[in-house]
Amino acid sequence: MTNEKLKKSILNKASAILENPCDALPEENLVKFVSHFFRRKDIYLEMVRKNGSPLYLIEKNILKDRAMAFREAFQSVLPEVSFYYAVKSNNHPEISRTLIENGFGLDVSSGLELELAISIGATDIVFSGPGKTDAELSLAVDHSAHVAVLMDSPFELSRLERIAEKEGKTIRAGVRLTTNEKGLWRKFGIPMSSIKDFLEKSLECPHVAVNGFQFHTSWNLNPDQQIQFIERLGRTIQTLPAQLKDMISFIDIGGGYWPTMGEWLQVQGTPAGSLLKHLQIDSGNDLAHFYMPSETISNFSEKLGAAIRQHIFVHKPCRICFEPGRWIVNDAMHLLFSVVDKKDVDFVITDAGTNAVGWERYETDYFPVLNLSRPALIEKPCMVSGSLCTPHDIWGYGYWGEDISAGDILMIPTQGAYTYSLRQHFIKSLPEVVIIG
């Protein structure tokens, strides 16, 4: 492509981005969300009074409700299902323990997570993830009564066979299928075109009982990606010889289900805002919020159930497995912290840093900062910063409340997913964990 063509292509794409911005977050959605937590403010303030600040607060009742809702949605549309909580989404042991008690197995992605699962008494574990070491595979084989390994490559199959043979054991297994054979996602699993060769190779490995497939698509605001892959997988299963088709006893369709609230974004998190940022153009109102809507879990289950019956069960009835993480745990944990310094009418610093979540989340993702000490259903502009020695330590660009002062208790709700697991021991100590419900 010539320079002129490249410039024209860039300008056309930039124009399309600016002309098609994300949807504005409906005010009624936001007010309803904030009101719910303000009504419960005395519970949260009491936790800070008893335990100090900052805090991670886990609400077990919410976790149980989400687990039950997810299970019931898919049990109502499919005959044989299993559920595995994706530990990586929040690795606090009490969360995994609670979900085990509520009918879930555990999906682990490392030896470290496998050790956690074993330590809390999990008896139904799937072990996925690329680049498993021999030590991790050996740990799985040692606990083969409770662990199935989801393999990522033919080489991993060979290593698992060698380890299992040495231990004199047979371990249940499946193989991961990559959902995108280009770019970064090549890291995960084998191509669809390699299924037949992989299953035939597994027949030469008597200590590894391969009997299913797993795949995963991420950031599923709707089930479209999953349905497309299910259609592809069904066509491939149809072509398998009877001996290989008979091996299939499960298909694990992974997780990635987005919470029903949708994805809430700061202006910088939208394509248009990101473009303006790179062009060093001020995008304007920091209190403008955007969102990408997501479907309910009932819609997911109905559409996925229909696709599975149409494209999979006609060729091979089998157990269907799910690995939800974010959808289950997102709403079950909150962050509580205190204002320690008011530098200006529109700038405060808190006693917690974003090392508590492990990344610069709130520069792009929007979650309301609630002043529990001075509640009001109005958002006021204010830079709410953490106390780390870095300028990217930002909680938000406004707060919900009458005013804000040193000593006020602030809350960011629904921070259960991909925050606690990513926390960093960086500069400041981490919040304590308090569990209620």
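What percentage of the solvent-accessible surface of the range 35-110, computed with a 1.4 Å probe over protein heavy atoms, is contributed by carbon and sulfur atoms?
On the way: 1410 of 3130 Å².
Answer for the range 35-110: carbon and sulfur cover 45 percent of the accessible area.
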- prompt: Highest GNM mean-square fluctuation, the chain, Cα pairs closer than 10 Å: which of Arg66, Arg361, Arg49?
  reply: Arg49
statement: So the FRET efficiency between Lys64 and Asn12, C-beta based with R0 = 35 Å and rounded to 0.05, is 0.10
query: From the square roots a ≥ b ≥ c of the eigenvalues of the alpha-carbon gyration tensor of the range 20-102, which class results: rounded (a/c under 1.5), prolate (a/b over b/c), or oblate?
result: oblate
field: Local electrostatic count at Asn12 - Lys and Arg +1, Asp and Glu -1, tallied over other residues with Cβ under 13 Å
entry: +2
statement: Taking a label point 7 Å from the Cα of Asn29 along Cα-to-Cβ, the residues of the range 268-295 whose backbone nitrogen sits under 18 Å from it are 268-273, 287-295
- prompt: Peptides 215-223, 191-199: what's the order by average Cβ count within 10 Å, highest mean first?
  reply: 215-223, 191-199
- request: Using a Förster distance of 60 angstrom, determine the FRET efficiency expected from the C-beta separation of His392 and Glu101, and round it to 0.05.
  value: 0.95
- request: Using all C-alpha to C-alpha distances in the range 327-437, build P(r) with 10 Å bins and read off the rounded percent in each one.
  value: 15, 50, 31, 4
statement: At q = 0.16 1/Å the base-10 log of I(q)/I(0) from the Debye formula over the alpha-carbon atoms of the range 267-413 is -0.92
- line: Tilt, helix 224-239 to longest principal axis of the chain (alpha-carbon atoms), in degrees rounded to tens, equals 0
- prompt: What order do you get for 274-282, 251-259 when each peptide is scored by the mean count of other beta carbon atoms within 10 Å, highest first?
  reply: 251-259, 274-282
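For the pairs Lys169/Lys245; Lys41/Lys88; Lys88/Lys187; Lys342/Lys428, note any where the Cα-Cα span goes beyond 21 Å. Mind dumping the intermediate values first?
Values: Lys169/Lys245 24 Å; Lys41/Lys88 29 Å; Lys88/Lys187 17 Å; Lys342/Lys428 19 Å.
Violating the 21 Å Cα-Cα cut-off are Lys169/Lys245; Lys41/Lys88.
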field: FRET efficiency, 1/(1 + (r/R0)^6) with R0 60 Å, evaluated for Thr239 and Glu360 via beta carbons
entry: 0.85
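With a ≥ b ≥ c the root eigenvalues of the C-alpha gyration tensor of the range 35-150, is it rounded (a/c under 1.5), prolate (a/b larger than b/c) or oblate?
Details: a/c = 3.00, a/b = 1.56, b/c = 1.92.
It comes out oblate by the Cα gyration axes.
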Helix 27-39 vs. the chain, principal-axis angle (Cα, 0 to 90°, nearest 10): 80
query: If you line up the long axis of helix 3-19 against the longest principal axis of the chain, both from Cα atoms, how many degrees apart are they, to the nearest 10?
result: 70
GNM result for the chain, Cα springs below 10 Å: residue of Pro26, Pro293, Pro54 fluctuating most strongly: Pro26
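The values are calculated or read from the model by the stated rules, or taken from the named source; none is laboratory data. The structure presented is a predicted model; accordingly, all values stated were derived computationally and were not measured. All Cβ positions, glycine included, derive from the backbone under ideal geometry; neighbour counts span all protein chains shown. Please note that ligands, DNA and RNA were not included when accessible areas were found on the heavy atoms of the full protein model with its side chains. Shrake-Rupley method; radii C 1.70, N 1.55, O 1.52, S 1.80 Å.
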